[in-house]
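Inspection log for the structure reproduced underneath, given as structure tokens.
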Amino acid sequence: MVKAVVGANWGDEGKGKITDTLADQADVVIRFQGGANAGHTIVNQYGKFALHTMPSGVFHKNIMNIIGNGVAFDIEKFMKELDDITSRGVPMPQIMVSNRVQVLMPYHTLFDTLEEARLAGKSFGSTKSGIAPFYSDKYAKIGWQINEFFQDDEVLREKIARIADIKDVLLVHLYHTDPIDREKLLDWIKTQRERVKPYIGDAALYLEQAIRDDRTILLEGQLGTMKDPDHGIYPMVTSSSPLAAYGAIGAGIPPYEIRQIVVVSKAYSSAVGAGEFVSEIFDEEAALLRDHGGDGGEYGATTGRPRRVGWYDCVASRYGCRLQGCTDVALTVLDALGYLDEIPVCTAYELDGKTITEFPVTKDLARCKPVLKVFKGWKCDIRGIKEFEKLPQEAQDYVNFIEQQIGYPITMVSNGPARDDIIIRKSLLK
Ligand code: GDP
Ligand code: MG
């Protein structure tokens, strides 16, 4: 059976933690899109880890971890992360990198950095990991599938020249910097291919057999619906689809095999980078939520930059769950709200004097104001509680209300960062 773990919102909903928890019963974990721009935080018996390219199953030695063809594969970060986890006592995980994955090249990162600098204040809030230039090249058909690295020098030189002819125009004339060093790039390719060679395999074929053998396969998404290039807050989105449907493409499996879609949504909102965020809060109120949030505050797992925060947004989350094709909601980081006397929830938007409950297109989103309903806080630490009915009544009311509003079953409530801080709950939806 194939399950997907994906985000309802802007990312950082706690997907890494939920995947790590569900990985206990999984045989295979796959990353199907995105690159090293987003991070998952995982807390387990080995310590606290920020994973950027590795699938979250790497801490379970019986799990096969796959980098799917849909990923922007950053070889250097991959190798560094592998070294990091093994040097901290995690046994060498089973890893397979799809032979069709495309490689994030050094010039992708360079272009990202140069473009952010050029746009200055009008930037898209990129993490400068090269993701947008990477996907542009992939679809412009000047990308590099990893299998292409294993060709003769002359073939490689020819392709490098073809790409550099295009890139150099921008490098020299738009960014006023040096052209690509072609021989250096060739050496880089030859060095990197030796490093990753042991991990490369036919991932789609492996998955076909795994499905036949009825093994449990987890598709691990990055970011969330709001960052989808089609359905999100374009253009403040990411460059590959974080929707569960894309899991079929980015892993190479039939779409009808995805039977369970666990959509992760945090009990309040956070976002990184620019873009519309209707329920955002500011100043002292935000600083308090940011510091109480997540595990040690809402700061980027990749960048360390403070995340923007706000109240739970039922409008965005309902839309986010719908586009994911949600079968189960995992509501995370509920424990972090224990400090609040009152907890506002955004139940609708006010747009040009009208109240709306459907998520609008980006151009209208900018004019939306949140309509808030205020809940009584529970004012205590709820970590360690294992049953929903043992939560303070106020916390139960909060979860039940959100479930009613979004209209998808909340079957998991996460009340702490660790793997077993999880409450399995029966949905009240009819
Ligand atoms: P992801 O990108 O969706 O995997 O999320 P991140 O890992 O970037 O951000 C989620 C943060 O919340 C991390 O610091 C997690 O350790 C933390 N976290 C996840 N679930 C819980 C929870 O239930 N309670 C608390 N306090 N922290 C959590
Ligand atoms: Mg994250």
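The values are calculated or read from the model by the stated rules, or taken from the named source; none is laboratory data. Just so we're clear, the structure is a prediction, and the values are computed from it rather than from any experiment. FYI the Cβ positions are ideal-geometry reconstructions off the backbone, even for glycines, and counts take in every protein chain you see. Note: areas computed on protein heavy atoms with side chains; ligands, DNA, RNA excluded. Shrake-Rupley method; radii C 1.70, N 1.55, O 1.52, S 1.80 Å.
Listed by chain and number, the lysines placed with their C-alpha closer than 29 angstrom to that of Lys184 are Lys77, Lys80, Lys128, Lys138, Lys141, Lys159, Lys167, Lys197; residues fewer than eight positions away on the same chain are left out.
Which percent, nearest 5, of DSSP beta bridges in segment 1-160 are antiparallel?
Numbers: 6 of 17 bridges.
Looking only at bridges with both residues in segment 1-160, the antiparallel portion is about 35 percent.
For Tyr234, Tyr319, Tyr299, Tyr206, write out the residues from largest to smallest accessible area, computed with a 1.4 angstrom probe and no ligands counted. Don't jump to the answer; show the numbers that get you there.
Details: Tyr234 140, Tyr319 35, Tyr299 90, Tyr206 55 Å².
Largest to smallest exposure gives the sequence Tyr234, Tyr299, Tyr206, Tyr319.
Working from Cα positions, state the angle (0 to 90°, nearest 10) between the long axis of helix 203-212 and the longest principal axis of the chain. Tilt of helix 203-212: around 50 degrees.
Can you work out the accessible area per residue across the chain, with the rest of the protein chains kept in place, probe 1.4 Å, in square angstrom? Let's see the in-between values first.
Working: 17830 Å² over 430 residues.
It amounts to 41 Å² per residue over the chain.
For the chain, with all protein chains in place and a probe radius of 1.4 Å, 52% of the accessible heavy-atom surface sits on carbon or sulfur. To the nearest ten degrees, helix 283-292 and the longest principal axis of the Cα atoms of the chain are 80 degrees apart.
What fraction of the Cα pairs in the chain, stated in percent, has a spacing above 36 angstrom? Tail fraction, whole percent: 26.
In the chain, the DSSP-assigned H stretches of four residues or longer account for a calculated mean residue ellipticity at 222 nm of -9500 deg cm²/dmol, using -39500 (n - 2.57) per stretch and the full residue count as denominator. By the beta carbon rule, with partners counted only under 4.7 Å, the chain holds these lone Cys residues: Cys314, Cys346, Cys368, Cys380. Projected over all directions and averaged, the alpha-carbon convex hull of segment 1-98 occupies 5.9 nm². What you get for segment 13-114, charging only the Cβ of Lys and Arg (+1) and of Asp and Glu (-1), is a dipole of about 80 debye around the Cα centre.
Debye-formula intensities of segment 38-95, expressed as log10 I(q)/I(0) at q = 0.13, 0.19 Å⁻¹, are -0.29, -0.64 (one equal scatterer per alpha-carbon, no solvent). For Tyr299, the amide hydrogen comes within under 5 Å of the amide hydrogens of Arg307, counting only partners 5 or more places away or on other chains and with H modelled in the peptide plane.
Toward the positive end of the charge dipole of segment 87-165, about the Cα centre and with charges on Cβ (Lys, Arg +1; Asp, Glu -1), which of Ser87, Gln145, Val101 goes farthest? So the residue furthest toward the plus end is Ser87. Estimated translational diffusion coefficient (Stokes-Einstein, Kirkwood radius over Cα pairs, 20 °C, 1.002 mPa s) of segment 288-430: 132 µm² per second. Using only the alpha-carbon atoms, how far is helix 75-87 inclined from the longest principal axis of the chain? Give it as 0 to 90 degrees, nearest 10. Approximately 60 degrees, to the nearest ten.
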